[in-house]
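First the structure, in the form of structure tokens, and then the observations on it.
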Amino acid sequence: RDSWQEGPNAGYAYSLFDILHAFSLSEMSHCAFCGWNCQVNRFAGIKGKCGLKSQFYVSHPFTHISEEREINPAIVTNFGGCSMKCKYCSTPEVWNCESLNLLEPKTCWEEINELMTQGTPINTIEFTNPTESLPGVIGILFHASPEFSLAVVINCHSYGSQTFYDLAGPVTDVWLPDLRYGNDRCAKELSGVVDYLKFAKLGLDAMTKQDSRIIVRILVLPGHVSCCHEPAMELLSEYKDRVWVSVLDQYVPEHEAHLDPNLKRRPTKREIEAVNTLVERRGLRNISDAHGDFWK
């Protein structure tokens, strides 16, 4: 936090955190936090593909006890606005940012702090869907006390830019990206994004170069084992010494999933087993088998 210093070199002193916050805010004048690279001036009231202007929108922080056990329990704050418009999105209401709460960073941190003092042994602080709202994340953490020492988890889609990873890295202890697709065709059809694999690989390259732990989530999509999950595992095998894989079997058809012949059903037991087998065959580390090794 900036402070006035007395003496012969009197003046304001700024921390690296102040500088990081300033840089993240400045990026919003030509926004390129995600793969769309809109270059819009959000301060001028112009929306990019994410639907956000210069303000950020969040849900109230809450304690989540169903995350991966290595980061569980977590105090989670969800951000509104998203560059991806998944047909099966379980929370499409976040696309309409104004339906959420306008972020007041100090108030949000106070809510997080209150949850930390309610007796539940919190393991991590998690920010979900933060890519397009990164200055808001940094703004919240700005109000943390010097004694704050919990791990910070960044739960993001895999459509972020190099700028996002560079600026988020210094405040990230655990990366928690979703890797949904193994080809650009499915990504375009189901989430409306282009060059998905280019940005997924960019993100993996960026995350693995940082001193952070990484859990890559694979949501098992019905009918997409061979076209998406198999090539995704092949991609992850290039980073197998740096990443853990979390296979999620909780997909349920929501939003517009009923319009797709595959997505309108739950994944079968065979499909879920097939994805877990792919993890093993590629020599990847399954987070369900971590047994305490994750934090070593």
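The values are calculated or read from the model by the stated rules, or taken from the named source; none is laboratory data. Owing to the predicted nature of the structure, the values given are computational and were not obtained by experimental measurement. Here Cβ is always computed from backbone atoms with ideal geometry, including for glycine, and neighbour counts include all displayed protein chains. Remember, those area values only see protein heavy atoms, side chains included, never the ligands or the DNA or RNA. Shrake-Rupley method; radii C 1.70, N 1.55, O 1.52, S 1.80 Å.
Some points to look at:
- Cα centroid of segment 174-248 to Cα centroid of segment 256-290, whole Å: 13 Å
- Portion, in percent, of the accessible area of segment 25-122 that falls on carbon or sulfur, probe 1.4 Å: 52 percent
- Between the beta carbons of Ser66 and Phe17, assuming R0 = 30 Å, the FRET efficiency works out to 0.45 to the nearest 0.05.
- Note: relative contact order over the chain, using C-alpha pairs below 8 Å and six or more positions apart, is 15 percent.
- Per residue, the chain exposes 47 Å² of accessible surface when a 1.4 Å probe is rolled over the protein heavy atoms with every protein chain present.
- Spatially close lysines, pair count over segment 173-296: Cα under 23 Å, gap of eight or more or interchain: 10
- The accessible surface of segment 147-296, taken with every protein chain in place and a 1.4 Å probe, is 47 percent carbon and sulfur.
- More than 21 angstrom apart: percent of Cα pairs within segment 1-147: 51 percent
- Ranking Glu280, Glu68, Glu110 from most to least accessible surface, computed with a 1.4 Å probe over the protein chains only, gives Glu280, Glu110, Glu68.
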